[in-house]
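Here the structure is laid out as structure tokens; the discussion comes afterwards.
The values are calculated or read from the model by the stated rules, or taken from the named source; none is laboratory data. The shown structure was predicted, so the numbers you read here are calculated from the model rather than taken from an experiment. A quick note on method: Cβ atoms are made from the backbone with ideal geometry, for glycine too, and the neighbour counts reach across all protein chains shown. Please note that ligands, DNA and RNA were not included when accessible areas were found on the heavy atoms of the full protein model with its side chains. Shrake-Rupley method; radii C 1.70, N 1.55, O 1.52, S 1.80 Å.
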Amino acid sequence: SYKYAKVCEQEALKSNSIKHLAKSYNLLGVIFYKQGNYTKALQFQKKSLQLNKSINHEFGIAINHANMGNIYNDINSPKLAELSYLQSLHSSNKTGNTLQIARCLINIGTLKYNQKQLQAAIKQFEEALKYAAIISNHELIASCYNNIGTIMTEQNQTDSALMYLEEGLKIRQLIDNKLELADSYNNIALVY
């Protein structure tokens, strides 16, 4: 992946394509993120962001901010993570990218959940659920149901938790994703 990202970078430099150079830097940032090198990952995401801003490429800006949010979340900087996710959400709203909007809301919800701001987390997951339903993204819908059910379990709202978890389970059974299916069964077992 690194080799291809570098080839992409070289070709973008040759053709003087800012958009493709930004994409190559984003890809390099993702590669370093996956390797756990957060410093380099942030450097490449910031370079990509700067280029995307220079050409007003809102979709690229949204992706950069989301990726930076993931990095900040992993290095335990929740304020910077939330700011990045909110900036991604803002750019996603500008482009009307419903999938990216739903993902941003899920990221913010997860961040709120990790900070034990349970009502705020539920609100984000409910909003993400609306967007996921618009585009019929069953994986995201099931994820939202599961996340809301998990929070309700923690709040001892077992009847409501079961309702959400079982809805998520039904969808995951249709998708046939074994790992996610196991997660659903586990969460339902925890309620019981």
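When the residues of region 31-48 are filtered to those that are within 17 Å of the chain's Cα centre (by Cα) and under 10 Å from ASN64 (Cα atoms), which remaining residue is least open to solvent (accessible area, probe 1.4 Å)?
GLN45
Taking the stated definitions as given, is GLY60 open to solvent by less than 30 Å² (accessible area, probe 1.4 Å) and over 22 Å from LEU111 (Cβ atoms)? Steps first, please.
Working: open to solvent by less than 30 Å² (accessible area, probe 1.4 Å): yes; over 22 Å from LEU111 (Cβ atoms): yes.
So GLY60 passes the test.
From ILE63, ILE55, ILE18, ILE31, grab the single residue that is in contact with a His (Cβ under 9 Å, 6 or more places away or on another chain) and modelled with pLDDT of 95 or more.
On the way: ILE63 fails: in contact with a His (Cβ under 9 Å, 6 or more places away or on another chain); ILE55 fails: in contact with a His (Cβ under 9 Å, 6 or more places away or on another chain); ILE31 fails: in contact with a His (Cβ under 9 Å, 6 or more places away or on another chain).
Only one candidate qualifies: ILE18.
Output the qualifying pairs, or none if there are none: Cβ atoms under 9 angstrom, residues six or more apart or on different chains, first residue in region 73-91 and open to solvent by less than 70 Å² (accessible area, probe 1.4 Å), second residue in a helix (DSSP H, G or I) and acidic (Asp, Glu).
ASN73/GLU82; ALA81/ASP74; SER91/GLU58
Would you confirm whether or not region 97-104 contains a residue that is touching a Pro at 6+ places or on another chain (Cβ under 7 Å) and more than 18 Å from MET68 (Cα to Cα)? Please lay out each step first, then the result.
So the first thing to find is which residues in region 97-104 are touching a Pro at 6+ places or on another chain (Cβ under 7 Å), and the list is none.
No, the conditions are met nowhere in region 97-104.
Contact list please: Cβ distance under 7 Å, first residue in region 6-31 and without any contact (Cβ under 8 Å) to a residue 12 or more places away in the chain, second residue assigned to a helix (DSSP H, G or I) and of a type in the set (A, V, I, L, M, F, W, C), pairs at least six apart or on different chains.
From residues that are without any contact (Cβ under 8 Å) to a residue 12 or more places away in the chain, the pairs are LEU13/LEU21.
Which one of GLN157, GLN173, GLN117 is modelled with pLDDT of 95 or more, open to solvent by 50 Å² or more (accessible area, probe 1.4 Å) and more than 24 Å from ALA81 (Cβ to Cβ)?
Only one candidate passes the filter, namely GLN157.
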